[in-house]
Amino acid sequence: MAAKAKVSITLSEDLLARIDAEVEAQAGESRSSVIERWLRRASHAAAASALRDETVRYYESRDASERAEDAAIARAMSKGARRVRYE
């Protein structure tokens, strides 16, 4: 487990109420663990979104010859896959 640092944050009452409701629903879980879990989920979602955006930018930046080459490779792979015998 990674080392943890103690921090102090200021939250709106409505958000704190949601955190407390989650603590109640997850018996034995602390406010800190709920907040950490929520932050990790948000962090993972942001990273996934950034990766998705980078992938779109990459494919949109490809020129016509690169897209044609990709299509040719995909056709060849599909043709080869149809020849494979599965037992």
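Just so you know, all these numbers are worked out from the coordinates, no wet-lab data involved. All of these numbers come straight from a predicted model, not from anything done at the bench. Using ideal geometry, Cβ is built from the backbone for each residue, glycine included, and neighbour counts are taken over all protein chains shown.
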> Looking only at the range 28-51, which residues are among the hydrophobic types (A, V, I, L, M, F, W, C) and either under 16 Å from residue 15 (Cβ atoms) or surrounded by 11 or more Cβ atoms within 10 Å (Cβ to Cβ) (or both)?
Replying inline: 34, 35, 38, 39, 42
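In the range 67-87, what residues are within 22 Å of residue 57 (Cα to Cα) and among the charged types (D, E, K, R)? First the steps, then the outcome.
Taking the range 67-87 as the starting set, the residues that turn out to be within 22 Å of residue 57 (Cα to Cα) are 67-74.
The answer is 67, 69, 70.
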